[in-house]
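Heads up, the thing below is written out as structure tokens.
Nothing in this text is a laboratory measurement; each read-out follows from the coordinates by a stated rule. All values reported here derive from a predicted model rather than from experimental measurement. Using ideal geometry, Cβ is built from the backbone for each residue, glycine included, and neighbour counts are taken over all protein chains shown.
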Amino acid sequence: MFKKKMIIGALAGLTACTAIAEESKLSYTYVGLAYQTGEVLDEDFSGFSIAGSAALNESLYLIGAYSSLSSDDKLDIGFGADDVDLTQLNFGVGFHAPINESLDFFTDLSFAKAEIEYLGASEDGNGYLINAGLRGKPTDILEFGAAINYADIEDEGETGYSVYARVFAAPKVSFGLGYGSADDVDTVSFNVRFDI
């Protein structure tokens, strides 16, 4: 149970903080780097992620992400103290449609693979992630988004939400701040995104 909660939590929280990438003012082709920190089952974790999106046409896009988190302190859950390392890889496809010229609805579905390492042993799990929400760009320098997400890993599901805002320092370079939450997970991400 501890392993599955950690994997689901890592996936829900990390994926939630990844900004999804329209032909209007919004970009669906980008690459981004993020520093992430947060709590999983009341333990502090931090790490880095890389994520990307590639527009296939005016409505469809591909997404992918890799994340790596480590516990800030050595944890002892009855077998000895050690760092807990979480890694996640996901890739999938998304759909977006404009609501108006500065606001999009989006949804995506991803296959996910996660691994947890503790005391030299590792466990992995596979599953899927679903996101649905809104993205908006009311001005040339401000973008925002909010989504509801669901992660199902090894037949254990968890629902959460995420919000983000980003400021453009240049037409194709932006800095973002995101927050994601699920049952046992709260994460904050600071990221830079390069639109292509």
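Determine which residues of region 159-185 fall in the zone a paramagnetic label at residue 139 would reach in this model, i.e. backbone nitrogen under 18 Å from the point 7 Å along Cα→Cβ.
Counting only backbone N, you get 164-177.
What GluC sites (Glu not before Pro) in region 96-183 are in a loop by DSSP, with at most 13 other Cβ atoms within 10 Å of the Cβ?
101
Considering just Cα atoms, how many Å³ per residue does the convex hull of region 2-195 enclose?
Enclosed volume per residue, from the Cα hull, is 90 Å³.
Which of the aspartates and glutamates could be linked to residue 74 by a straight reach, that is with a Cα gap under 17 Å, when you skip same-chain ones fewer than 8 residues away?
Cross-link targets: 39, 42, 43, 44, 82, 83, 85, 117.
Within 10 Å of each candidate Cβ there may be at most 11 other Cβ atoms; applying that plus a DSSP loop requirement, which chymotrypsin sites (Phe, Trp or Tyr not before Pro) in region 43-97 survive?
Passing sites in region 43-97 are 79.
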